[in-house]
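The values are calculated or read from the model by the stated rules, or taken from the named source; none is laboratory data. Owing to the predicted nature of the structure, the values given are computational and were not obtained by experimental measurement. Glycine also receives a Cβ, built like all others from the backbone with ideal geometry; neighbour counts cover every protein chain displayed.
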Amino acid sequence: MPISKCLENKLLALGAKRGVEARSFTTFRIGGEVAFFAEPRDSDELKSLLSAAKCCDYPVYVIGNGSNLLVSDEGVDALFIRLGSAMSSYSLDGTHLTCDAGALLCTVAKASVAAGLMGMEWASGIPGTVGGAVAMNAGAYGGEIKQILRSVTCVSSGEIITVPVREGDLAYRHSAFAWPDAVVVLAEFELREDDGNAKMRMDEYNAQRREKQPLEFPSAGSVFKRPVGHFAGALIEQAGLKGKRIGGAMVSPKHAGFIVNCGGASFNDVTELIAFVQDTVYKNSGVMLEPEVKIIG
Ligand SMILES: Cc1cc2nc3c(=O)[nH]c(=O)nc-3n(C[C@H](O)[C@H](O)[C@H](O)COP(=O)(O)OP(=O)(O)OC[C@H]3O[C@@H](n4cnc5c(N)ncnc54)[C@H](O)[C@@H]3O)c2cc1C
C-alpha cells in the first residue's frame with residue numbers, strides 16, 4: 001500500500017526515519033528494511049505517531065529492545081515505534097520502583113539490588129525493555145513480571161490510562177498490556193527488602209546463563225514456549241536436533257531451546273528451522289511446540 005505524502009510528512013516531522021534495517025534493532029540481527037522507524041521521547045510524541053498512522057490505516061508495530069522478534073528479510077511496509085533509551089527513566093522510593101517502558105530490564109534489576117531490594121534479581125540477564133517484559137510477562141528462575149507488577153500506564157484507544165494490575169491480566173508469556181491492545185509507557189513494581197542474598201542470587205543466575213546459554217551468538221533467546229509438563233529444550237534435544245542447521249540458523253548445541261544466527265542467517269532459514277523442529281519434536285514426542293518469538297512478516 002503506497003503511503004500518502006501527507007502521512008509521510010507527518011511521520012518525518014515527528015522524527016521518524018525512513019528505511020531502517022530490522023537487523024539493526026533486533027538481537028537476532030535478521031530482517032530487511034522497515035518503511036519507518038521512530039523513537040518517541042515522551043507519551044505525547046508516541047500518541048501523535050499512533051494517531052497519525054491510525055488516521056491513514058497505516059500498519060504499526062510497537063517494539064522494545066527487539067530481543068524477542070524475528071522480522072522478514074523482505075522488509076515491512078509499516079511504522080515501527082521503539083520505546084527505548086529516549087524513554088528510559090526510572091526511580092526508586094522505598095520498595096516502590098517506577099520505570100519508563102524503554103528502561104532496560106537488566107539496568108533496573110541491577111539498580112534495585114544495589115539499592116538493597118529483592119524481587120527482580122532473576123531479571124538482570126534478560127535483554128529486553130521494561131515495556132517488552134510487561135508485554136511478554138517475561139520470567140526466569142522462578143520469577144515473573146506478574147509477581148511484582150502493581151500498575152501499568154499505557155496508551156489504549158488513544159488515551160493514556162493508569163490501571164492497577166489484576167489477577168489474570170498476565171499469564172505465562174501473555175499479558176493484557178501488549179501491542180496491539182496497549183502500549184506500555186510506564187510500569188510500577190513493588191519489591192521487598194533484601195534478605196541479604198539478592199546480589200548472590202543475581203550473580204548465580206547470570207553465571208548459569210553464561211554457562212548454559214549461547215550468548216556469543218545473536219538470537220532471540222528461547223524460541224519456543226514451555227509446553228505444559230515439559231521443557232522445550234529437553235524435547236528438542238531428545239529429538240536429536242542439537243546442532244541441526246538450515247543455512248545460517250542452527251539449534252544451539254549448548255542450549256537446544258535457542259536457535260542462533262551463526263552468521264548470515266535469513267528469515268527463511270530461521271522459520272524453516274522452527275517448522276522442522278516443530279515437526280520432528282511432534283513426531284518424536286507428540287508435543288507441538290508453540291513459538292514464543294514474535295514473527296513479523
Ligand atoms: C539471550 C536472550 C535471553 C533471553 N532470556 C529470556 C528469559 O530468561 N526470560 C524471558 O521471558 N525472555 C527471555 N528472552 C526474550 C526477551 O528478552 C523477552 O521476551 C523480553 O521481555 C522482550 O523485551 P523487548 O523489549 O526486547 O521486546 P521486543 O522483542 O521488542 O517485543 C516483544 C513483544 O512485546 C511487545 N512490546 C514491546 N514493547 C512494548 C510496549 N512498550 N508496549 C506494548 N507492547 C510492547 C512487542 O510488540 C512484541 O510483541 C531472552 C532473549 C535473549 C536474546
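Taken together, the criteria exclude ASP195 from residues that are more than 15 Å from the ligand (Cβ to nearest atom), charged (D, E, K, R) and assigned to a helix (DSSP H, G or I). Within the range 49-82, being of a type in the set (Gly, Ala, Ser), buried (at least 18 other Cβ atoms within 10 Å of the Cβ) and more than 10 Å from the ligand (Cβ to nearest atom) holds for ALA52, ALA53, SER72, ALA78. Checked against (1) surrounded by fewer than 14 Cβ atoms within 10 Å (Cβ to Cβ); (2) in contact with a strand residue (DSSP E or B) (Cβ under 9 Å, 6 or more places away or on another chain), GLU167 passes all but a single condition, namely (2). Within the range 172-192, the residues that satisfy the criterion of being more than 10 Å from the ligand (Cβ to nearest atom) and over 30 Å from ALA53 (Cα atoms) are PHE189, GLU190, LEU191, ARG192. The single condition among (1) within 30 Å of LYS212 (Cβ to Cβ); (2) surrounded by fewer than 17 Cβ atoms within 10 Å (Cβ to Cβ) that ASN137 does not satisfy is (2).
Out of GLU211, GLU272, I need the residue that is under 25 Å from ALA22 (Cβ atoms) and either away from the ligand (no atom under 12 Å from the Cβ) or modelled with pLDDT under 95 (or both). Which one? Result: GLU272 is the single residue among GLU211, GLU272 that is under 25 Å from ALA22 (Cβ atoms) and either away from the ligand (no atom under 12 Å from the Cβ) or modelled with pLDDT under 95 (or both).
Please note which strands (runs of 3 or more DSSP E) are completely contained in the range 1-119 and include at least 1 residues that are in contact with a Leu (Cβ under 7 Å, 6 or more places away or on another chain) and among the aromatic types (Phe, Trp, Tyr).
33-38, 90-93
Assessment of the range 55-71 against the conditions (in contact with a Lys or Arg (Cβ under 7 Å, 6 or more places away or on another chain), farther than 15 Å from ALA133 by Cα and of a type outside the set (A, V, I, L, M, F, W, C)) yields no matching residue. For ILE246, state whether it is at pLDDT 95 or above, under 22 Å from TYR141 (Cα atoms) and of a type in the set (A, V, I, L, M). Spelling it out, it is not the case that ILE246 is at pLDDT 95 or above, under 22 Å from TYR141 (Cα atoms) and of a type in the set (A, V, I, L, M). Scanning the range 262-285 finds no residues that are within 16 Å of ASN68 (Cβ to Cβ), outside the structural domain of GLY143 (by TED's automatic domain parsing) and in contact with a helix residue (DSSP H, G or I) (Cβ under 7 Å, 6 or more places away or on another chain). The requirement of being outside any helix (DSSP H, G or I), at pLDDT 95 or above and under 17 Å from PRO127 (Cα atoms) is satisfied by ALA220.
Return a yes/no flag: does the range 197-214 have any residue that is in contact with a helix residue (DSSP H, G or I) (Cβ under 6 Å, 6 or more places away or on another chain) and either among the polar types (S, T, N, Q) or exposed (fewer than 15 other Cβ atoms within 10 Å of the Cβ) (or both). No, the range 197-214 has no match at all.
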